[in-house]
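The values are calculated or read from the model by the stated rules, or taken from the named source; none is laboratory data. From a predicted model like this one, the values you see are computed outputs, not experimental measurements. Cβ coordinates were reconstructed from backbone atoms using ideal geometry, including for glycine residues, and neighbour counts include every protein chain displayed.
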Amino acid sequence: MTAPALSVESLSYAYGRGAFALQDVSLAVEAGSFTALLGPNGAGKTTLFALITRLFESTSGTIRIGGVDLRADPTRALARMGVVFQQPTLDLDLTVRQNLLYFAALHGLPRRTAQARALEALERMGMAERIDETVRRLNGGHRRRVELARALLHEPALLVLDEPTVGLDVPARRAIVEHVHDLCRERGIAVLWATHLIDEIAPDDRVVVIHRGRIRAAGPVGDVNRDAGAETLTDSFNRLIAKEAA
Amino acid sequence: MTVTASSLGAAHYARALGGIVGREVLRFVHQRERFLSALVRPLLWLFVFAAGFRAALGIAITPPYETYIPYEVYIAPGLVGMIQLFNGMQSSLSMVYDREMGSMRMLLVSPLPRWFLLTAKLLAGTAVSILQVYAFLAIAWIYGVQAPPLGYVTLLPALVVSGLMLGALGMLLSSAIRQLENFAGVMNFVIFPTFFLSTALYPLWKMQEAGELLYTICAVNPFSQAVELIRHALYMKLNAEALGWTVLALAVFLGGAIYGYNPARGFLARRGAGAE
């Protein structure tokens, strides 16, 4: 059996000497699966995200990417992962092409390969004709598409996105959500998508509900609903959160 | 075709370094105001401050100079150091602001060792500072502040060392300072003391006349060492002592910065907490 694209086991994390931001978190994302990390603001999504991308490191628990331990072999693990951060990370004064080639260089792609893949990835997003425009001239939705194209340049097996639709209008949001679902289906990429918006989750997705640093439920949307005794994911989510508050 | 980055080894490092330096230079070219302000600052010192002080300050013969020199000639290497000091602070401390922080995150999640990424970023900042320095020296040349032509070549390696050292200082500060409201704090508490308590504006012996404490501070200030390294290199001389101290300061600052950005230490964690 092949290792899951992402596996997190017994991960805990506290900022300084404060309370735990994450406590005993375990989850797995299989190839070709769209897994939504669902939680209210402050649930620990961004902390988990920062640990998975190794912006910081926890001493308790393990994170494996395609079976490679992130702490033991970070470069090999990070090479398999594409990342879209919540905050925009494009250079506004550079063109789309320059942004993509910079990223490709960081991943060691030869220039010709990088050029070809950049064009291909932008075509898929319907952004190919904007390749020589500076990012500053693009709207928020288009910038996100460029970031998504960039995250795929090195053909990662795992794509992690931290609330990637924040600040986008409804059509732009829908376009990004659909596009990432397509990537899962058509290319078998494993996706971990952090969000607090339930309407971004499709009925056949998997969902991991996180609240106050702990996993409250995990599995296919149908199973989570059944276990929570609810009809819809919205109801399940509200019950899971309310149970904690009570 | 599958090209996996980690299998490429040295080529991967070279491409990444090229990418990081290339990006910094491109950004610099696009930000004309940044270039302009980097030039205006030292030129004001040269045209206004130095011109005014020329009459008040006599500079005796002091190495590497072999004759009496006008004050503008003395101050020029100090202003070169000032360009690199500002650049080092700005390029690192701009990371403190969110937008640059985002691109720093992007950099740090690339599949390369962190020490390499930070060093490459420093080299990139140094490359930009060197472009600024030569632009300044070109204008100074036209103004009449001229060093031997070959000095502009021997200056280059000195600029690399001093630029790296001052950039590493900025990077270290950016990892240590939790929050920064604006650039003014750094100006007051880092840049001005570093600049004024150095040999950039007056030679050490002049400081000694003013007081022993001031003299000592100026003498141990790494920025003084960098300025003296630059000053001698511009006149085709190697100041081995200044080189040694500058390299030592570079090693200490860079080591501190790499430690500061160590993921287990969680500097980014503290900052990341704000985003949650």
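Below, the figures for the structure above:
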| read-out | value |
| --- | --- |
| Candidates A:R71, A:R64, A:R54, filtered to the one that is closer than 26 Å to A:V221 by Cα, out of contact with any Phe, Trp or Tyr (no Cβ under 8 Å at 6 or more places or on another chain) and not hydroxyl-bearing (S, T, Y) | A:R64 |
| Verdict on A:R71 being modelled with pLDDT of 95 or more and either assigned to a helix (DSSP H, G or I) or within 10 Å of chain B (Cβ to nearest Cβ) (or both) | no |
| The listed residue being within 21 Å of the chain's Cα centre (by Cα), in a loop (DSSP other than H, G, I, E, B), facing chain B (nearest Cβ under 9 Å) and free of Cβ contacts under 8 Å to residues at least 40 places away in the same chain, out of A:L90, A:L55, A:L78 | A:L55 |
| Flag for A:A175 being among the small types (G, A, S) and closer than 11 Å to A:A36 by Cβ | no |
| Filter result for the condition that a residue is within 27 Å of B:P148 (Cβ to Cβ) and in a loop (DSSP other than H, G, I, E, B), over B:L201, B:L229 | B:L201 |
| Enumerated helices (runs of 4 or more DSSP H) restricted to the stretch B:67-167, each holding at least 1 residues that are buried (at least 24 other Cβ atoms within 10 Å of the Cβ) | B:71-93, B:114-143 |
| Subset tally (residues that are surrounded by fewer than 24 Cβ atoms within 10 Å (Cβ to Cβ), within 19 Å of A:A79 (Cα to Cα) and within 14 Å of chain B (Cβ to nearest Cβ)) for the stretch A:15-51 | 1 |
| Qualifying positions in the stretch A:104-126 - surrounded by 24 or more Cβ atoms within 10 Å (Cβ to Cβ) and within 7 Å of chain B (Cβ to nearest Cβ) | A:A105, A:L106, A:H107, A:G108, A:L109 |
| The stretch A:52-68, residues that are out of contact with any helix residue (DSSP H, G or I) (no Cβ under 9 Å at 6 or more places or on another chain) and at pLDDT below 90 | A:T59, A:S60 |
| Elements of type helices (runs of 4 or more DSSP H) contained in the stretch A:127-246, each with 2 or more residues being assigned by TED's automatic domain parsing to the domain that holds A:F34 and surrounded by fewer than 18 Cβ atoms within 10 Å (Cβ to Cβ) | A:170-187, A:221-228, A:233-245 |
